[in-house]
Amino acid sequence: MTRTLVVAEMALREMARRRVVLIILLLLPLAFYLSRHGDHLGQSIRFVCLGLGWALSTAALFAGSAARTVEPRLRLSGYADRHLIAGRLAALWALGVLLSAPYFLLVRLDQHDVRYGAIAAIMALTVVVSASFGLALSAVLPRELEGTLVLLAVVGLQMMVDPAHTSARVLPFWFSRELATYAVDHTGTGYLDRGLLHGALTAVLLTVLVAVAARARRGRRTHLTFVPLR
Amino acid sequence: MRTDAWLAALAGELQRHGVGADLTGHVVAEAAAHLADSGDPPLAAFGPPEMYAAAVADSVAGPAPAAPGRTVGPVRLAARGITKRYRRRTVLADVDLTVRAGEVAAVIGQNGSGKSTLLRICAGLARPDRGTVHVAGRLGYCPQDGGMSEFLTPDEHFVLVGAGRGLSRTAARRYGRRDAAALDWAPKPGVQARHLSGGTRQKLNLTLARLGDPDVLLLDEPYQGFDRGSYLDFWHQVFRWRDGGAAIVVVTHLLNQLDRVDTVLDLTRSEAAA
């Protein structure tokens, strides 16, 4: 537990020192929100959640890529994959909560006649899914530019693809559309259930992908045997 | 430069050159007496302390040899039949390396001869096509570069790596600062790794590899960017760690320390054979 907490603490310290990046991350969802503010009531809510997802996924992608140089040393020092992954996820969740809180407050003050609990659920799931999504991209794609392009493509598709189409369900943030419909249009619980299930499954699958990719990158080291002395 | 500062610098430089404590005290006392008698400024009388120390060290036949009768311990690192190919090019061909506790092995060879690859294989960071590596005890690895987080300070690095070794925050900082001081470096609080000079980054890199007193230490040209004084400090530390029972492998292309190491593995032949 100590190792996981230390990784989380250091990851948070690293991110907190990228002040310009943090400001951009904080403002990006606001731009999304304001861009659709004059439209239908729910559009700005959907877009701010998508903006949060994009911002946090990018943060996770860069945090994962930056960690690549130090992780071999940390593994040799006694860290297991679970410490490194759980520590980074915890740091990204903390960052996500900090970034999301002002937007939840904004929606609470600016939008009326919506289900605030469902909006909180969208934001919470967005934080969880984004952290795993960004880390998964950084684990699978060796260079940041490649990861950024994939991220751009995914978020672009998320905006353009008809959410009612089956293929839209493979996109990681499809749940936010379902939950937002439930929150804004006061539909039945079918949207809520589908959204929660999709978000939870996506988070689990992406986290498993992070772990599998980390293991694959490390490879099997059958040539090496360690004999502990102490 | 004030006389007392010059004398202190001279004492430090003499120690770096491996001049014994008695002789260092004697030389410093002689120099102090001369300066007091003549009233000359030290730079005018003797020149820069590092140059004067180098001249003194040369005149007393260089660094002290390893202690006579030094015994070595059990095998800590045994690499057998290591073969590695990159596409059609054989980088390492059937390479063996054995290092015991209390030994220093130098791995030498031309650029591209597989020195770093061998160390990465020994550290488990790369896989050979053939061969085995046995490591007894904890392993510390100092890569040629990288291996740190740009936005963390040295103290935070000590805590991060130390936690992996099972050290408390206080202990990790204390050990890290102790090893940094031995390399003539006192990390300033709040300075992130990205703001350190190349040589200081390497000192951090080396200090992190040493954290937790590993039994086997793999050092891949860790002195890059070091000035001459730091380079001498580094080798002094290597032999001190060796005398403390560590098994050390140093990848190097600087040959002036090879007469002091216990084993030399020359990979040039392996490359030529390929």
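The values are calculated or read from the model by the stated rules, or taken from the named source; none is laboratory data. Remember, it's a predicted structure, so these values are computed and weren't measured experimentally. Don't worry about glycine lacking a Cβ; one is built from the backbone with ideal geometry, like all the others, and counts go over all protein chains shown. The area values use the complete protein model at the heavy-atom level, side chains included, leaving out ligands, DNA and RNA. Shrake-Rupley method; radii C 1.70, N 1.55, O 1.52, S 1.80 Å.
Points to keep in mind about this one:
- Spin-label model distance (nm) - B:Arg88 vs B:His195, 7 Å beyond Cα toward Cβ: 5.2
- Residues of segment B:147-163 buried by at least 10 Å² on assembly (accessible area, 1.4 Å probe, chain alone as reference): B:Gly147, B:Met148, B:Ser149, B:Phe151, B:Leu152, B:Glu156, B:Val159, B:Leu160, B:Val161, B:Ala163
- Peptide A:62-72 has a mean shielding of 3, counted as Cβ atoms of other protein chains within 10 Å of each residue's Cβ.
- Segment B:101-125 and segment B:182-232: distance between their alpha carbon centers, rounded to Å: 19
- Helix axis angle, A:144-160 relative to chain A longest principal axis, alpha carbon, degrees: 20
- About its Cα centre, segment B:72-230 has a charge dipole of approximately 340 debye under the convention of +1 per Lys or Arg Cβ and -1 per Asp or Glu Cβ, with nothing else charged.
- Rounded to the nearest 10 degrees, the angle from helix A:41-67 to the longest Cα principal axis of chain A is 10 degrees.
- Charge dipole magnitude, Cβ of K and R +1, D and E -1 - chain A, Cα centre, debye nearest 20: 1240
- Taking every C-alpha pair closer than 8 Å and separated by at least 6 residues, the mean separation divided by the residue count of chain B gives a relative contact order of 25 percent.
- Segment A:127-203: trypsin sites (Lys or Arg not before Pro) falling in loop per DSSP and having at most 11 other Cβ within 10 Å: A:Arg143
- When the helices of chain A are scored as -39500 (n - 2.57) per DSSP H run of n ≥ 4 and the total is divided over every residue, the value at 222 nm lands at -27000 deg cm²/dmol.
- Charge dipole (debye, nearest 20) of chain B; +1 at Cβ of Lys and Arg, -1 at Cβ of Asp and Glu: 1560
- Stretching A:Asp81 away from A:Leu5 to a fully extended chain increases their span by 26.0 nm, per 0.36 nm per residue minus the current alpha-carbon distance.
- Straight-distance candidates among the lysines for linking to B:Lys188, with alpha-carbon spacing under 28 Å and chain neighbours fewer than 8 residues away dropped: B:Lys203.
- Percent of beta bridges antiparallel (DSSP, the protein assembly as shown, rounded to nearest 5): 35
- Principal-axis tilt of helix B:154-164 within chain B, Cα atoms, nearest 10 degrees: 40
- Rounded to 5, percent antiparallel among DSSP beta bridges of chain B: 40
- Within straight-line cross-link reach of B:Lys84, aspartates and glutamates at Cα separation under 14 Å, skipping those fewer than 8 residues along the same chain: B:Asp94, B:Asp96, B:Asp129, B:Glu271
- The label point for B:Arg80 and the one for B:Gln144, both projected 7 Å from the Cα toward the Cβ, are 3.0 nm apart.
- With helices as the sole contributors, chain B gives -13000 deg cm²/dmol at 222 nm; each DSSP H run of n ≥ 4 counts as -39500 (n - 2.57), and the sum is divided by every residue.
- In this structure, B:Asp22 and A:Ala16 have a Cβ-Cβ separation that, at R0 = 45 Å, corresponds to a calculated FRET efficiency of about 0.30.
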